[in-house]
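Take a look at the structure set out below.
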Amino acid sequence: SQLYRVEFMTWTQSIAQFADFHSAFPKTRLFINSIPSIPMLDDLTQSLEQQYKEHLPLLVIEMIETDEIEQHYLETKQQFAKRWDAHIAIDDFGSGYSNDSTLLNVAANYIKIDMMFVRDIHKDENRQRLVENMITFAHRQHIRVIAEGVETKEIADFLRQEGCDEIQGFLYYRPMCHGDFEKLMGCRA
């Protein structure tokens, strides 16, 4: 019964921290995990539009895979993305509720391929074919592809060779809190 509060805090805290360091990294986007079954209520959208209007076009609303997408709420989030000139991503594509039917129903700008498909891809022909097909289909639809869970150079090299647009994972960095990010980048908000 507290999911809306979690969603509200995720949005407001993430954008506040993003606004703090964005001037040092003006080409960055903020990906926010959003629960597809939770609506964007007026108090949240009004707060965001009043306080962070200039940052809203830099948002990517990630639909997480753990919840079935409620069509009405999805449409509402897509309307906000359009109004804000923000983007939509399908998180953990290929697992949970993030599958081919989701891709057909969501006007996504990004898909994030689940790490289950990426793990040891350089050694597994079945994974290779699946990911190649995902990338080909996404690119035909003008959707950018991000591979999650990249932990080795061999995996990253394979994904780059196949045309994966972006890569995230422990090969580059582990998740970190805001203060650690500031230390790493040598900036202070």
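Hey, Gln79 hits all of (1) out of contact with any Ser or Thr (no Cβ under 9 Å at 6 or more places or on another chain); (2) modelled with pLDDT under 90; (3) of a type outside the set (A, V, I, L, M, F, W, C); (4) more than 19 Å from Leu30 (Cα to Cα) but one; which does it fall short on?
The one condition Gln79 does not meet is (4).
I need the full set of residues from the range 119-168 which are of a type outside the set (D, E, K, R) and closer than 14 Å to Asp91 by Cα, in order please.
Of everything in the range 119-168, those that are of a type outside the set (D, E, K, R) and closer than 14 Å to Asp91 by Cα turn out to be Met134, Ala138, Ile143, Val145, Ile146, Ala147, Gly149, Ile167, Gln168.
Give me the pairs: first residue in the range 114-138 and in contact (Cβ under 8 Å) with a residue 40 or more places away in the chain and part of a helix (DSSP H, G or I), second residue open to solvent by less than 50 Å² (accessible area, probe 1.4 Å) and among the hydroxyl-bearing types (Ser, Thr, Tyr), beta-carbon distance under 9 Å, and six or more apart or on different chains, which are they?
Met115/Ser95
Please go through the range 41-64 and give me each residue that is over 14 Å from Gln13 (Cα atoms) and in a strand (DSSP E or B), ordered by number.
Residues satisfying the conditions are Val60, Ile61, Glu62, Met63.
Results for (1) among the β-branched types (Val, Ile, Thr); (2) over 25 Å from Pro175 (Cβ atoms), shown as yes or no for each residue.
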position: Gln2; (1), (2): no, no
position: Ile15; (1), (2): yes, no
position: Asp42; (1), (2): no, yes
position: His55; (1), (2): no, no
position: Leu59; (1), (2): no, no
position: His87; (1), (2): no, no
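Every residue in the range 143-167 that is open to solvent by 70 Å² or more (accessible area, probe 1.4 Å) and in contact with a helix residue (DSSP H, G or I) (Cβ under 9 Å, 6 or more places away or on another chain), please.
Within the range 143-167, Arg144, Glu151, Glu154 qualify.
Name the residue that is nearest to the chain's Cα centre (by Cα), counting only residues in the range 129-144 that are of a type in the set (Lys, Arg) and within 24 Å of Arg29 (Cβ to Cβ).
Top of the filtered list is Arg144.
Restricted to the range 19-68, and to residues that are open to solvent by 40 Å² or more (accessible area, probe 1.4 Å) and touching a strand residue (DSSP E or B) at 6+ places or on another chain (Cβ under 8 Å), which residue is nearest to Tyr110 (Cα to Cα)?
In this case the residue turns out to be Phe31.
Anything in the range 1-15 that is within 16 Å of Leu59 (Cα to Cα) and open to solvent by 30 Å² or more (accessible area, probe 1.4 Å)? List them, or say none.
Phe8, Met9, Thr10, Gln13, Ser14
The values are calculated or read from the model by the stated rules, or taken from the named source; none is laboratory data. Just so you know, these numbers come straight off a predicted model, no measurement behind them. Note that we place each Cβ from the backbone using ideal geometry, even for glycine, and neighbour counts take in every protein chain shown. Remember, those area values only see protein heavy atoms, side chains included, never the ligands or the DNA or RNA. Shrake-Rupley method; radii C 1.70, N 1.55, O 1.52, S 1.80 Å.
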